[in-house]
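Encoded as structure tokens, the structure appears first; notes follow it.
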């Protein structure tokens, strides 16, 4: 069996194997784990800031990560039925 070349697959995409089915993942769990890690980073940054280390960027980045995770949770709540029906 001959393996098609990359150029051949790019020119003729119909010759490719079908992609695997999407993995069913609970986005809420993933988002909450990410928020928890950003919260831990925020605590570390605040402790370092309290002892005199110059870490305002770490604190700001961690707070932004928590905020973006919250936005992700809102999105997940609104679109839960759509992405769960895909898998």
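Extension gain for the segment residue 8 to residue 37, taken as residue separation times 0.36 nm less the Cα-Cα distance, is 6.1 nm to one decimal. Where only DSSP H runs of four or more residues are counted, the chain gives -24000 deg cm²/dmol as its mean residue ellipticity at 222 nm, each run worth -39500 (n - 2.57). Between the labelled values (1) 14.2, 40; (2) 13.4, 45; (3) 21.3, 65, the entry that holds Rg and Dmax of the Cα atoms in Å as derived from this structure is (3). Once the Cβ-Cβ distance of residue 25 and residue 51 is raised to the sixth power relative to R0 = 41 Å, the FRET efficiency obtained is 0.60. On full extension, the segment bounded by residue 17 and residue 80 gains 19.7 nm, given 0.36 nm per residue less the C-alpha separation.
Throughout, read-outs are computed from the coordinates displayed, never taken from laboratory work. Predicted model only: the values in this text are computed from it and were never measured. Here the Cβ is made from the backbone with ideal geometry for all residues, glycine too, and neighbour counts use every protein chain on show.
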